[in-house]
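A.B. asks: Got a structure for you, questions after.
The values are calculated or read from the model by the stated rules, or taken from the named source; none is laboratory data. Since we're looking at a predicted model, the values are computed, not measured. Neighbour counts run over all protein chains shown; Cβ positions are idealised from the backbone, glycine included.
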Amino acid sequence: MELPPPSPSRAAVTRWQPGRMTVTLDPGPPHASYLLIAENWYPDWQAAADGRPAQVLRGDHSLLTVAVPAGAKVVDLTFRSKPYELGRTLSIASLAALLIGLLAAVVLPRRARHG
């Protein structure tokens with residue numbers, strides 16, 4: 001069995017911020033392809049190729065790999081972890097409750113003494 005020829009597409013990261021990145025393909029691949037990204041794979045990564053959902057796979061043991069349809073020009077990746085978001089919300093709510101309790105412990109006894 002013979003390997004297919006290398007893709008003429010070249011990938012460039014055109015936008016990056018924590019949990020989000022955009023990769024531009026020029027030209028778009030002539031056939032359905034896979035884009036291998038040097039970022040650790042995790043199941044909470046989501047991808048879109050030209051605005052349509054794309055499958056995110058684990059490639060080369062631990063890297064993000066996106067199934068890209070023929071002709072796709074832009075791949076957007078987003079990391080969204082529902083357990084992380086829930087944990088962050090619970091942590092902020094717990095901190096707020098702790099601060100309210102601390103303020104109540106300081107303010108209420110002062111009012112009782114001066115009242």
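A.B. asks: Do we have any residue at all in region 41-52 that's of a type outside the set (Gly, Ala, Ser) and more than 18 Å from the chain's Cα centre (by Cα)?
C.D. replies: Here is the first cut: in region 41-52, the residues of a type outside the set (Gly, Ala, Ser) are 41-46, 50, 52.
After this cut, where a residue has to be more than 18 Å from the chain's Cα centre (by Cα) as well, the list is none.
Checked against the condition, which is being of a type outside the set (Gly, Ala, Ser) and more than 18 Å from the chain's Cα centre (by Cα), region 41-52 yields no hits at all.
A.B. asks: Those residues that are in contact with a strand residue (DSSP E or B) (Cβ under 9 Å, 6 or more places away or on another chain) and not hydrophobic (A, V, I, L, M, F, W, C), I need them from region 72-115; list them, please.
C.D. replies: Residues of region 72-115 in contact with a strand residue (DSSP E or B) (Cβ under 9 Å, 6 or more places away or on another chain): 72-80.
Result: LYS73, ASP76, THR78, ARG80.
A.B. asks: May I ask you to list the residues in region 14-24 that are outside any loop (DSSP other than H, G, I, E, B) and either not assigned by TED's automatic domain parsing to the domain that holds ALA49 or not hydrophobic (A, V, I, L, M, F, W, C) (or both)? Spell out how you get there, then give the answer.
C.D. replies: Step one: of region 14-24, the residues outside any loop (DSSP other than H, G, I, E, B) are 14-17, 20-24.
Matches in region 14-24: THR14, ARG15, GLN17, ARG20, THR22, THR24.
A.B. asks: Consider LEU3 against the criteria (1) among the hydrophobic types (A, V, I, L, M, F, W, C); (2) part of a loop (DSSP other than H, G, I, E, B); (3) surrounded by 15 or more Cβ atoms within 10 Å (Cβ to Cβ): it satisfies all of them except one. Which criterion is unmet?
C.D. replies: The single condition LEU3 does not satisfy is (3).
A.B. asks: Restricting attention to region 48-71, does a residue exist that is outside any helix (DSSP H, G or I), among the basic types (Lys, Arg), under 16 Å from MET21 (Cα atoms) and in contact with a strand residue (DSSP E or B) (Cβ under 8 Å, 6 or more places away or on another chain)?
C.D. replies: Applying the first criterion (outside any helix (DSSP H, G or I)) to region 48-71 yields 48-71.
Add one more test, that the residue is among the basic types (Lys, Arg), and what stays is 52, 58.
Now restrict to residues that are under 16 Å from MET21 (Cα atoms): 52.
Imposing the further condition that a residue be in contact with a strand residue (DSSP E or B) (Cβ under 8 Å, 6 or more places away or on another chain) reduces the set to none.
No, because not a single residue in region 48-71 is outside any helix (DSSP H, G or I), among the basic types (Lys, Arg), under 16 Å from MET21 (Cα atoms) and in contact with a strand residue (DSSP E or B) (Cβ under 8 Å, 6 or more places away or on another chain).
A.B. asks: Taking PRO8 and the conditions (1) surrounded by 10 or more Cβ atoms within 10 Å (Cβ to Cβ); (2) of a type outside the set (Lys, Arg); (3) assigned to a strand (DSSP E or B), which numbered condition does it fall short on, given that it satisfies the others?
C.D. replies: (3)
A.B. asks: Among the candidates VAL74, VAL66, single out the residue that is touching a Leu at 6+ places or on another chain (Cβ under 6 Å), surrounded by 14 or more Cβ atoms within 10 Å (Cβ to Cβ) and in the same structural domain as MET21 (by TED's automatic domain parsing). Even if it seems obvious, please write down each step before you answer.
C.D. replies: Values: VAL74 fails: touching a Leu at 6+ places or on another chain (Cβ under 6 Å).
When all the criteria are applied, what remains is VAL66.
A.B. asks: Looking only at region 14-40, how many residues end up being surrounded by 13 or more Cβ atoms within 10 Å (Cβ to Cβ), more than 14 Å from the chain's Cα centre (by Cα) and among the hydrophobic types (A, V, I, L, M, F, W, C)?
C.D. replies: 3
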